[in-house]
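As structure tokens, the structure follows; a few thoughts come after it.
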Amino acid sequence: MAPTSVHTLVIADDHVLTRDGLRGLVASMGGFDIVGEAENGLEAISIIKQTQPDLAILDLKMPYTNGAEAYLEIRRWSPRTKVVILTGLSSPALFRELRDSGIDGLFLKTGGVGPLKEALLGILEGSKIIAADIEMLISQADDMPALTRRELQILQGIARGETNAAIAGRLGISRKTVDSHRTSLMAKLDVHSTATLLARAIRDGLIDTGDTG
């Protein structure tokens, strides 16, 4: 079914080829006006805050602020924007957190173009769609410790090598609060050092270190 109206769209991905591919995809569908493109999470938040688009397609792994963190900010500044995460990463716990936070769409870059086209139209009509392969990954997270959104944010900061002070400043909380969450993370994951915390988090898919997002 051809779209009957023009929808505004922002694309955010740090890989030029992916942005080019998404641009071509929506051009083939018709009915989209790309009002901005971003190559990192902070730029995506800024553009979406300014343009208030109908739809945003975000990479999960981007510089400065990842797609999951950007989504939470976008929801705050542009609540009417439908947000889709399109990623090459495999992170069951992050996928579970995004699903539970109300993300509109979750898809792997290895999926087919046809289903993605159909899903984007459904999402614009109000559906929340998670690809079947991601649903399978999320089911694997059921046996993992449940972390809060704040704990995941702090864990991502630790993985980036940020100090407690830097994490506190970025999230607008005290260093004492960061310390408390770090202690909670270690208790939940049953580890006793930062190195083993990161090793366990990588093993369980709580954070990602790959180059492809």
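When we screen I158, I138, I167 for residues that are over 16 Å from the mean Cα position of the chain (by Cα), open to solvent by less than 30 Å² (accessible area, probe 1.4 Å) and either closer than 16 Å to A201 by Cα or of a type in the set (G, A, S) (or both), the only hit is I158. Given K188, K128, K176, which one is open to solvent by 70 Å² or more (accessible area, probe 1.4 Å) and either small (G, A, S) or closer than 22 Å to Y71 by Cβ (or both)? Checking each option against the conditions leaves just K128.
Among the residues of region 15-30, is any open to solvent by 30 Å² or more (accessible area, probe 1.4 Å), modelled with pLDDT of 95 or more and touching a Pro at 6+ places or on another chain (Cβ under 8 Å)? No, because not a single residue in region 15-30 is open to solvent by 30 Å² or more (accessible area, probe 1.4 Å), modelled with pLDDT of 95 or more and touching a Pro at 6+ places or on another chain (Cβ under 8 Å). Considering region 55-67, the residues that are in a loop (DSSP other than H, G, I, E, B) and aliphatic (A, V, I, L, M) include one that is surrounded by the most Cβ atoms within 10 Å (Cβ to Cβ), namely L60.
Listed here are the residues, each with its yes/no results for (1) part of a helix (DSSP H, G or I); (2) modelled with pLDDT under 90; (3) open to solvent by less than 20 Å² (accessible area, probe 1.4 Å).
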position	(1), (2), (3)
A93	yes, yes, yes
T110	no, yes, no
G114	yes, yes, no
A119	yes, no, yes
A146	no, yes, no
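Only a single criterion out of (1) in contact (Cβ under 8 Å) with a residue 12 or more places away in the chain; (2) open to solvent by 20 Å² or more (accessible area, probe 1.4 Å) is not satisfied by A70, namely (2).
When I123 is tested against the conditions (1) among the β-branched types (V, I, T); (2) part of a loop (DSSP other than H, G, I, E, B); (3) in contact with an Asp or Glu (Cβ under 9 Å, 6 or more places away or on another chain), the lone failure is (2). Residues that are open to solvent by less than 40 Å² (accessible area, probe 1.4 Å), touching a helix residue (DSSP H, G or I) at 6+ places or on another chain (Cβ under 8 Å) and among the aliphatic types (A, V, I, L, M) within region 31-49 comprise A38, A44, I45, I48, listed in sequence order.
With respect to the conditions (1) modelled with pLDDT of 90 or more; (2) within 12 Å of the chain's Cα centre (by Cα); (3) open to solvent by 20 Å² or more (accessible area, probe 1.4 Å), Q52 falls short on a single one, namely (2).
The values are calculated or read from the model by the stated rules, or taken from the named source; none is laboratory data. As the structure is a computational prediction, the values presented were derived from the model and not from experiment. For neighbour counting, all protein chains shown are included, and Cβ atoms are generated from backbone atoms with ideal geometry for every residue, glycine included. Each accessible area value is taken on the protein alone, full model and side chains, heavy atoms only, with ligands, DNA and RNA left out. Shrake-Rupley method; radii C 1.70, N 1.55, O 1.52, S 1.80 Å.
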